[in-house]
């Protein structure tokens, strides 16, 4: 018997006006550049909001990843472009202030591609700051929405950075519950 191994052609849902929970992770887990350069990340988000408006319902930044809940405008389904723009603007911003991105990406430690070491696509000007992909979940209903807002706010507690969500400075918790 022969087995054929093929790559799955991953496709993100395209739902205009959707509300989406997103997780974006640095290539090197354990780094702290997101909180070290928090002003650059905030600037990247602000620039993206101006260029491609969307609702930022919740946002939390931890040292090596961030979570957000965003709502797209009616008739617009392109959240992936917005996340890509935030990532790119952040990389450009930290380079301008002197950060030198790693010339390498770590070996994949879990999942289907564990043990592989993906190379950077230099022709696409990739640098080793972000994981290539991000994780998304389309919000299904009001309960799912509330759960994901709370997940964002409580993530610093889950990771042991603080004991109360309100004590983490890089969170929309303060905007929404202050």
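Derivation of every value follows stated rules applied to the coordinates shown; laboratory data play no part. For clarity, every value in this text was computed on a predicted model and none was experimentally measured. With ideal geometry, Cβ positions are generated from the backbone for all residues, glycine too; neighbour counts draw on all protein chains shown.
Expressed in units of 2.2 N^0.38 Å, where N is the residue count, the Cα radius of gyration of the stretch 6-91 is 1.13.
Distance between the modelled labels on residue 162 and residue 135, one decimal in nanometres: 2.2 nm (7 Å Cα→Cβ projection). Distance between the modelled labels on residue 146 and residue 47, one decimal in nanometres: 3.8 nm (7 Å Cα→Cβ projection). If a/c stays under 1.5 just call it rounded; otherwise compare a/b with b/c (prolate if a/b is bigger, oblate if not). Do that for the stretch 11-59, with a ≥ b ≥ c from the square roots of the Cα gyration tensor eigenvalues. It is oblate, given that a/c is not under 1.5 and a/b is not larger than b/c. Note on residue 92 and residue 14: their simple-model spin labels are 2.6 nm apart, each label 7 Å out from Cα toward Cβ.
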